[in-house]
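Inspection log for the structure reproduced underneath, given as structure tokens.
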Amino acid sequence: MSLRIAFVTLVAVAPAVAQADNLVINPDFRVDAAGWTIQVTGKATATISAVDGSPEAGSLEMSVTGSDPFDTGSVTVSQCIPSFGPGPWVFGGRLRQVSSTGAFTHGLSVDFLAVPNCGSGLTRSTYADPGATVPGIQGSYVQYSGSVPTDPLPGGGPTQSVLLSYQLFSTFGTTTVFRLDKVYFGPPGTTPVELMRFDVQ
């Protein structure tokens, strides 16, 4: 009589969450700022930091010095999203304060526009709120996120284009440095979803 022992492999996967495509081009600033428009005023810079954001990507470092009492200095990073489908929508990104010598203001927002290709016209803005702390390569980031349940334009729209942007201002005589990574915009489920997997043999 022979004895056979069967080894069973069990695979456990966390409950599936529907994941949608991120509509932002180059959300992780992998090698450059392709797809983004960067505007600076006063004494300010925006450069790629190759190893600081998510393990597989870089981040965009923005440094602003307020060098004029009447012009605080700023960096604005933006991207126009011309096609996005019906609401609801979610958006956000990860931000890390590298340093600051004084007061500053900043915000990650989406502008819903009544004209195509982010032209001038009627607009409504919504800002992301800070949330959980997430690890980076050189320091922790704060996850910013926001949601828009329906078209915010008067009468329910229709919105023709969306402008996603981050702005950083530093007051007179101070320097502020932030890094931006993992920006997203799209339908619910656009935020990253990670599955847990383990084998038992």
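Tabulated values for the structure
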quantity	calculated
From Ala103, Ala128, residue being surrounded by 21 or more Cβ atoms within 10 Å (Cβ to Cβ) and modelled with pLDDT of 90 or more	Ala128
Sole exception among (1) in contact with a Ser or Thr (Cβ under 8 Å, 6 or more places away or on another chain); (2) more than 20 Å from Leu108 (Cβ to Cβ) for Gly85, by number	(1)
Exclusive hit being farther than 18 Å from Ser165 by Cβ and touching a residue at least 60 places away in the same chain (Cβ under 8 Å), set Gly58, Gly107	Gly58
The one condition in (1) more than 21 Å from Thr190 (Cβ to Cβ); (2) within 15 Å of the chain's Cα centre (by Cα); (3) not in a strand (DSSP E or B) that Met62 fails to fulfil	(3)
Sole residue being under 22 Å from Gly58 (Cβ atoms), of a type in the set (A, V, I, L, M), surrounded by 15 or more Cβ atoms within 10 Å (Cβ to Cβ) and modelled with pLDDT of 95 or more, chosen from Val177, Val148	Val177
Of all residues in the stretch 80-91 being more than 21 Å from Gln39 (Cβ to Cβ) and modelled with pLDDT of 95 or more, the one that is surrounded by the most Cβ atoms within 10 Å (Cβ to Cβ)	Trp89
Test: residue in the stretch 65-77 that is within 30 Å of Pro158 (Cβ to Cβ) and either polar (S, T, N, Q) or assigned to a strand (DSSP E or B) (or both)	yes
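The values are calculated or read from the model by the stated rules, or taken from the named source; none is laboratory data. Computed from a predicted model, the values in this text were never measured in an experiment. So basically every Cβ, Gly included, is an ideal-geometry build from the backbone, and we count neighbours across all protein chains shown.
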